[in-house]
Structures are given as structure tokens and as C-alpha cells.
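The values are calculated or read from the model by the stated rules, or taken from the named source; none is laboratory data. For clarity, every value in this text was computed on a predicted model and none was experimentally measured. Positions of Cβ are backbone-derived with ideal geometry, glycine not excepted, and every protein chain shown enters the neighbour counts. In case anyone asks, the SASA skips ligands and DNA or RNA and just uses the protein heavy atoms, side chains included. Shrake-Rupley method; radii C 1.70, N 1.55, O 1.52, S 1.80 Å.
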Amino acid sequence: SESLDITGTKLTICAFVKVTGEIHENSAIIAKTTNNGPWGGYQIIWEIVNQRFVFQVANDNGDWLTAASDITSELGNSYFVTGVYDSDTGNSTIYIDGEPHGSINVTGNIRSVSSPVQIGLNVESYFNGLIDQISIWDDALTPEQIDSLYNNQNYEIQDALLGYWKFNAGSGNTLYDH
């Protein structure tokens with residue numbers, strides 16, 4: 001969907017994730033990106049080497065801006081992973097279970113890419129685990145809003161929600177956006 005080609009200064013991606021195995025160096029939970037430079041789009045991945053979640057956004061220069069979690073993610077545990085990009089405030093942060101766990105300074109708009117949003121797959125590899133309740137927002141959610149999503153799972157309180165996949169409806173290869 002073109003509405004998921006976010007090119008502004010703000011983005012939030014959320015997902016409940018459980019890593020059950022290791023397949024590839026960087027396994028995508030959700031990705032809208034390309035496999036060659038200049039880079040564009042955004043993604044949340046699980047790095048096998050460091051056993052941590054990483055939130056990446058490519059700015060309008062085609063550079064990956066990476067907020068990496070400062071905690072190790074254990075196989076078999078469930079996590080609520082959120083990436084927030086806000087170049088208006090100059091900050092990109094990754095949250096684990098509603099708490100900030102990695103931040104970097106950022107500038108620029110998000111670079112557009114024509115590729116589709118992929119869940120559990122990026123251009124290189126499949127994610128080995130469980131993914132639930134993915135949401136994409138064209139705004140930078142506040143820590144209070146992220147905490148509310150984590151604790152209350154209330155996805156109907158914000159206006160900037162562009163996509164929400166509950167993974168509880170559909171059949172075969174069809175997944176409905178709520």
C-alpha cells in the first residue's frame with residue numbers, strides 16, 4: 001500500500017515477537033526496504049550475532065540510521081518491540097516491553113522505496129519465530145502511548161495508525177489489516 005511508504009519525519013513500528021530459532025544473520029520482523037543501495041525504508045530486525053532487536057530507518061541520504069537494543073533477547077522469550085523515528089526532535093529509539101533500550105541522534109526524512117512491506121521476511125532472510133499484532137504509525141508515539149499499547153493493547157486511541165495486523169483473521173495466504 002502506498003500509505004505505508006512513509007517519507008516524512010516520523011514513524012513508529014510495533015510488534016509482539018518471540019524468537020524461536022536462528023536462521024540468518026539479520027532476520028526481519030517487519031521490513032519495507034531494498035536489497036541494494038541507496039537504502040530506503042524501514043525495518044525491525046533481530047540480529048543473531050548480538051541477540052538483540054534493531055530498528056533501522058534509511059534517511060533521505062540513503063544512510064541506515066540504527067537504534068540497537070542494549071539488552072540481549074533470549075530465545076523462547078516474548079517481547080513487545082517498538083521503534084520510534086522522529087527527526088523533528090532528532091531522536092530514534094527502540095523500546096523493549098514498553099521501556100527505552102537504545103537511542104541515536106537522527107536527521108532527515110525517511111527515504112521512499114517502492115518495495116512492499118514484508119512481515120517475517122526481508123530481502124535476505126525469514127524470521128524464525130512468532131510475530132503478533134504489528135502496527136505501523138506515521139507519527140512518533142510517546143513513551144506513555146507505547147506503554148499503553150504494551151500493557152493495554154489499545155490500538156484505537158491514536159489517529160496516525162496506518163496498518164494493524166492482529167494475525168487472528170484471514171485464511172491461507174491472506175492476512176487482514178484491521
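A search for C-beta distances below 7 Å between a residue of region 68-89 that is free of Cβ contacts under 8 Å to residues at least 60 places away in the same chain and any residue that is among the β-branched types (Val, Ile, Thr) and part of a loop (DSSP other than H, G, I, E, B), counting only pairs 6+ apart in sequence or on different chains, returns 75/20; 76/20. Every condition in (1) modelled with pLDDT under 95; (2) among the hydroxyl-bearing types (Ser, Thr, Tyr); (3) more than 23 Å from residue 129 (Cβ to Cβ) is met by residue 42 except one, and the failing one is (3).
In this structure, residue 19 does not qualify as crowded, with 20+ Cβ neighbours inside 10 Å, more than 16 Å from the chain's Cα centre (by Cα) and touching a residue at least 12 places away in the same chain (Cβ under 8 Å).
For region 107-153, the tally of residues that are closer than 25 Å to residue 26 by Cα and either in contact with a helix residue (DSSP H, G or I) (Cβ under 7 Å, 6 or more places away or on another chain) or not in a loop (DSSP other than H, G, I, E, B) (or both) stands at 17. Residue 34 - would you say it is open to solvent by 10 Å² or more (accessible area, probe 1.4 Å), touching a Ser or Thr at 6+ places or on another chain (Cβ under 7 Å) and either part of a loop (DSSP other than H, G, I, E, B) or of a type in the set (Gly, Ala, Ser) (or both)? Considered against the rule, which asks whether it is open to solvent by 10 Å² or more (accessible area, probe 1.4 Å), touching a Ser or Thr at 6+ places or on another chain (Cβ under 7 Å) and either part of a loop (DSSP other than H, G, I, E, B) or of a type in the set (Gly, Ala, Ser) (or both), residue 34 comes out as yes. Annotation: residue 46 fulfils all but one of (1) loosely packed, with under 12 Cβ neighbours inside 10 Å; (2) in contact with a strand residue (DSSP E or B) (Cβ under 8 Å, 6 or more places away or on another chain); the unmet one is (1). Residues in region 146-162 that are modelled with pLDDT under 85 and surrounded by 16 or more Cβ atoms within 10 Å (Cβ to Cβ): 155, 158. Among the residues examined, residue 99 does not qualify as open to solvent by 20 Å² or more (accessible area, probe 1.4 Å), out of contact with any helix residue (DSSP H, G or I) (no Cβ under 9 Å at 6 or more places or on another chain) and acidic (Asp, Glu).
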